[in-house]
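Structure record follows, encoded as structure tokens.
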Amino acid sequence: MAAELDGDEMQRVENEGDIRPYMFEPEASSGSEDEDHAIEEEDQDRLQRNDWCRCGHCTVMPTARECKCCSEIAEVSSVMADQEVHCITLHPGFDAVCLNPWVLQTAYFQYRQQYGRNVQHKTLNERYRHTAYRQHVRMCWQFLGRDCRVVLPACAVERIREAFPSVNYEGFKLPPLER
């Protein structure tokens, strides 16, 4: 426990002699209702137009959370900077890693080996799309871990959906709280 405390906190604990509940938790911000309202308006703007897109390839997604440009996500921007491209879908590795059916088939076999045969995808396009999203994560974030999910850039999602279309799309979902 002592290793987790900085000098001032340790001195305070030694002087006071006790630790109180929530003593080291961050205090709530004093955000105003105006700030909350501004955030809600920005979310609504993202759903109505795509001027938030800096790469020129994004489309408006079903939720404001999913309306993210590749240039707004640090991990994706870092991969783009390595190749000096302004959109992740223009990266030389994007097509090879995320859209090549042979690569996706091989990645899917590895996924099934890791997570078991109970992985169900109704169609081949659904399987490829799911695997392409995973490949994009691997390309930009390397490894996230089980049930750790991130929002993918709208341009990448749109490009993958164009390559492997479906009638219905699920969109971004948080993992279940309990397993």
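The values are calculated or read from the model by the stated rules, or taken from the named source; none is laboratory data. Since we're looking at a predicted model, the values are computed, not measured. Because the Cβ atoms are built from the backbone with ideal geometry, glycine has one as well, and the counts that use them run over all protein chains shown. Surface accessibility is based on the protein's heavy atoms, side chains included, excluding ligands, DNA and RNA. Shrake-Rupley method; radii C 1.70, N 1.55, O 1.52, S 1.80 Å.
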Name the shape class, rounded, prolate or oblate, that the alpha-carbon gyration tensor gives for the stretch 88-140, where a ≥ b ≥ c are the square roots of its eigenvalues, rounded holds for a/c under 1.5, and otherwise prolate holds if a/b is larger than b/c and oblate otherwise. prolate
Length gained, residue 150-residue 115, 0.36 nm per residue minus C-alpha separation, equals 10.7 nm
Could you please put 128, 108 in sequence from largest to smallest accessible area, using a 1.4 Å probe? 128, 108
Can you give me the accessible area per residue for the stretch 40-179, using a 1.4 Å probe, in Å²? 62
If you average the alpha carbon positions of the stretch 112-155 and of the stretch 74-94, how far apart do those two centres end up, in angstrom? 19
When a/c is below 1.5 the answer is rounded, else prolate if a/b is larger than b/c, else oblate, so apply that to the stretch 42-121 with a ≥ b ≥ c taken from the square roots of the Cα gyration tensor eigenvalues. oblate
Which Cα, out of 142, 99, 113, lies furthest along the positive dipole direction of the stretch 96-142 (beta carbon charges, K/R +1, D/E -1)? 113
Per the 1.4 Å probe, what fraction of the accessible area of the stretch 90-157, in percent, lies on carbon and sulfur atoms? 53
At 1.4 Å probe size, with no ligands or nucleic acids counted, give the accessible surface of residue 124 in Å², nearest ten. 90
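Which order do peptides 47-59, 86-98 fall in by mean Cβ count within 10 Å, highest first? Numbers along the way, then the final one.
On the way: 47-59: 15.5, 86-98: 18.8.
Put in order of decreasing packing, that is 86-98, 47-59.
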Under the 0.36 nm per residue contour assumption, what length would be gained going from the current alpha-carbon distance of residue 25 and residue 49 to full extension? 4.8 nm
